[in-house]
Structures are given as C-alpha cells and as structure tokens.
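Below is one structure, written out as structure tokens; comments come after it.
The values are calculated or read from the model by the stated rules, or taken from the named source; none is laboratory data. Quick caveat: nothing in here was measured; it's all calculated off a predicted structure. Virtual Cβ from ideal backbone geometry, glycine too; neighbours counted across all protein chains shown.
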Amino acid sequence: MGGAAFQFASSMRAAPEASGRAGAPRPRSIVLAGGGTGGHISPGLAIAERIGTADPSARVVFACSTRAVDASMLRDAAARFVPIRAEPFSLNPRRLLRCVLGLVRARRDADRLLRECRPDWVVSLGGFVTPPVVAAARRAGVPVLLVNLDATPGKANRLVARYATKVVSAVPVPSLPGFASAVIGMPLRRIAVAPASTELCRAELGLDLQAPVLLITGASQGAQSLNELACELAHAHPAAFAAWQVLHLCGPSPAGGVSRYERAWREAGIRAAVIPFLHRMGVAWGAAELAVSRAGASSVAEAQCNQVPTVFAPYPYHKDQHQRENALPLVEAGGALVETDRIDPQQNLGGLGARVLELMNAPERRAQMRRALAELPPPSSAEQIADFVLRGSEFRGSVAGGGESRGAVVAG
C-alpha cells in the first residue's frame, strides 16, 4: 500500500487535532467496508450520501477491494477510499496461498486505515474485504454495524455477525431466522432512482422518446449468459422487437467486445443502444418499460423503487442461489418474475427468453406489475443508517418475525 493512498487520512487526522485545540468537537468519522462488486459499493455510496446530507462535517472513507469496479464507482462519486489487499477465500491450492498472503496484507492495510481515520463506526457491507476490517475494528475498540444485503448471508457476513455491535438486514433472511432483528430495506443511491420522466430519460440516452424500452442488465460486472441470450433473441425473434428498442448494458469486459452485440442487434434490424457500464442507473430504469436483470439485492431494490416490471435471472453459479431469495418478495407481490438462467443461450431462449417475449406482448400485465411495485414501501434505510451512526437513532425496520423494531440503541 503506497503512502499516496493514505494522504487523505493524514489530513483527516490533522484536522480534528487542530479543531480540538480551538475547542471545537471532532467531526464524526465513519468507515464503510465492502467491495468487489457494485452490489457492495452502491449501497455504501447511498449511505455516504445521506451521512453527508445529515452532517456535512462528517468524514467518510471506503475500505474497498483492489478490483477496478470499486475504484471506478468510487472515483465517479468523488468518494475517499483505500483499497484493502484481501483476496477471496478459495480451497484451490494456488488461490488459497493468495488468500493467506492477502490476509496478511489486508490486516496491515486495515490496521493502518483505522489508526489514520479513528472512526466512530465501521459499517460492514459484505464481501471478502470486510473480515479484516472488522477484525481491525475489534482490536481498536471501534463499534461495528453490519448491514446484510442479501437474503442468504455470505460467508463474510456470517463471520462478521459474530463480532458486530449491531446487525440489520436490507431484506428478510429466511435461511437464518434471527440473523438480523431489524429488516430495513436496501440503501439506494439517488442516482439509482429515475431523475425525470420516461421521455427525458430516453432522450438523455439517445433513445426514441416513444418506443418502449427493454432494459437488459447484468449489473456492474455484466452477465455473459444474458449477453448471449440477447444475441439469440435478436437472431430468433426480430419481429417481436418491431415496436420496441433495447438498452443493453453488457458489462465492462464482454466476450467479443461491445461491437459484437451492437452488430447482433443491427443485423436483426432492432433499435438498440449497447453500453458497457452506466453509473447513473436511475436513467436506465427511468427509460425502461420492462427489464431482464440479475437479482443482486441492489438490482432488485432498483427495479422496485423505479417500478419497472422485471424478469430476474439469478446468478447461476451460486450454490445457495441466494439471488433467487432476493427476488422472491417482488415476485410474491406480483411485480416481477424469476427464471432460471440455464447458461446455454438455446436453453435460455425457451425459458428466460420466452418469459421476456410474453411480457413484451402483454401491456395490461405490465401495468398490473407496475401497480404492484408502486404499492411496496419506498426505501429509507440509507437515512436510517446515517442517523444511527451519527446520532444513535433507532432503526424503524420490521422485526424478523413481525412488528416494529424496538431494539436497544447501541452507543457509538
């Protein structure tokens, strides 16, 4: 870890000392730990936004992974961040050695970060970065708030939950009753919410203002199987898209490059905009009439908040299929469908693809799904988390098992 990464922290440390000499209170300091995918970074940015609104003097820094997606999203948001050199756990001998070496480096990185920032709270958002940061917080006597983001907590969250001062969950956790007492909803960034009318969102993306938009998204890293399904749909059913247009978010490194998918839509005579990655996802959701998406917790929350009927295709390589659990509340409410991603594009055409085509041809059903999504409560969890770490306010989420959360406030 180079010294440049900690330049901001040195200035943070100096500022409170100077203000202390003048008799002013030390500004609140919060570390948000998580990374490796946009699904961990985006909720953290939502929390950081609300902290900045509630207390402009508060200092927030992200303890993220070394992956490019983290740096890209955090730089775009002008957020302070320090990469923690942890590695994902693996039983593969070569990767296991990398994991062990990563733990040694991550411990040093995390200890140094907490010494420099002197945080009042560490907010853990999940992923392989969080255990070394939470361990450093324990050594430093810093309280930890775990915000679980998935219906089936991952290995890191199950470990962190043993040591966290307070645990809340964005979604119900049916697989582990009692894992989190308060279910507060997903923290959503302001730029994940449609900023304007459907027509203005389409205009911003260079789309036709009137033609309905099918949004295809694999979230921050893209989804190769969804990209391949897109090519198959374009080839096999061009007539179904006659009145439609496509917004295809293919990911930053799709197989064959962006031009491959642009060519597939163009050769089928289908109007389409292919974009590797879009920071302002609210514009994409705002433009969409229908979506096919991975079912990461953030994607599910964005579809709900923007009231976009969606066919969710959970990530097929998770053994526990936790993304399916993420989508089920919207399915049960009548606002979404969930289909198995069979990976093979031909097999997907008859399942996942068929559901998409059915909804494209069913405007009344799409309208019913939008009404169902509109009846679900809007998210307020980012504000609640900000109030908790800044002021110790109680969480207002539902208790796992029913009723209102009335858990004791944990002092920071």
Answer yes or no as to whether Cys231 is touching a residue at least 12 places away in the same chain (Cβ under 8 Å), within 30 Å of Leu125 (Cβ to Cβ), assigned to a helix (DSSP H, G or I) and not polar (S, T, N, Q).
no
Can you tell me which condition Thr165 does not meet? The list is (1) more than 30 Å from Ala288 (Cβ to Cβ); (2) out of contact with any strand residue (DSSP E or B) (no Cβ under 8 Å at 6 or more places or on another chain); (3) of a type in the set (Ser, Thr, Tyr), and all the others hold.
(2)
Taking the stretch 65-95 as the search range and keeping residues that are within 30 Å of Arg190 (Cβ to Cβ) and among the basic types (Lys, Arg), which one is surrounded by the fewest Cβ atoms within 10 Å (Cβ to Cβ)?
Arg75
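Results for (1) assigned by TED's automatic domain parsing to the domain that holds Glu383; (2) surrounded by fewer than 18 Cβ atoms within 10 Å (Cβ to Cβ); (3) at pLDDT 50 or above; (4) of a type in the set (Val, Ile, Thr), shown as yes or no for each residue.
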{"site": "Arg13", "(1), (2), (3), (4)": "no, yes, no, no"}
{"site": "Gly36", "(1), (2), (3), (4)": "yes, no, yes, no"}
{"site": "Gly44", "(1), (2), (3), (4)": "yes, no, yes, no"}
{"site": "Pro56", "(1), (2), (3), (4)": "yes, yes, yes, no"}
{"site": "Phe62", "(1), (2), (3), (4)": "yes, no, yes, no"}
Determine, yes or no, whether Ala295 is touching a strand residue (DSSP E or B) at 6+ places or on another chain (Cβ under 6 Å), of a type in the set (A, V, I, L, M) and either surrounded by fewer than 17 Cβ atoms within 10 Å (Cβ to Cβ) or part of a loop (DSSP other than H, G, I, E, B) (or both).
yes
Checking Pro132 against (1) without any contact (Cβ under 8 Å) to a residue 40 or more places away in the chain; (2) more than 21 Å from Phe388 (Cβ to Cβ), the condition it does not meet
(1)
Yes or no: Ile51 at pLDDT 95 or above, surrounded by 14 or more Cβ atoms within 10 Å (Cβ to Cβ), assigned by TED's automatic domain parsing to the domain that holds Val133 and over 17 Å from Ile385 (Cβ atoms)?
no
So Leu359, is it closer than 26 Å to Ile191 by Cα and either in a helix (DSSP H, G or I) or at pLDDT 95 or above (or both):
no
Within the stretch 115-136, how many residues turn out to be at pLDDT below 95 and touching a Pro at 6+ places or on another chain (Cβ under 7 Å)?
1
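Per-residue answers, yes or no, for (1) crowded, with 24+ Cβ neighbours inside 10 Å; (2) within 14 Å of Val31 (Cβ to Cβ):
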position: Leu125; (1), (2): yes, yes
position: Gly141; (1), (2): no, yes
position: Leu146; (1), (2): yes, yes
position: Ala151; (1), (2): yes, no
position: Tyr163; (1), (2): no, no
position: Ser169; (1), (2): yes, no
position: Met186; (1), (2): yes, no
Based on this model, can you work out whether Ala46 counts as over 19 Å from Lys155 (Cα atoms) and either under 19 Å from the mean Cα position of the chain (by Cα) or of a type in the set (Ser, Thr, Tyr) (or both)?
yes
Can you name every residue in the stretch 251-276 that is in a loop (DSSP other than H, G, I, E, B), out of contact with any Ser or Thr (no Cβ under 9 Å at 6 or more places or on another chain) and touching a residue at least 24 places away in the same chain (Cβ under 8 Å)?
Ser253, Pro254, Ala255, Ala268, Gly269, Ile270, Arg271
Suppose we filter Glu339, Glu302, Glu332 for residues that are in the same structural domain as Gln245 (by TED's automatic domain parsing) and crowded, with 24+ Cβ neighbours inside 10 Å; which single one remains?
Glu302
Which residues, counting only those in the stretch 245-259, are more than 16 Å from Met360 (Cα to Cα) and touching a helix residue (DSSP H, G or I) at 6+ places or on another chain (Cβ under 8 Å)?
Leu249, Cys250, Gly251, Pro252, Pro254, Ala255
Being among the charged types (D, E, K, R) and over 20 Å from the mean Cα position of the chain (by Cα) narrows it down to one residue among Asp344, Asp320; which is it?
Asp344
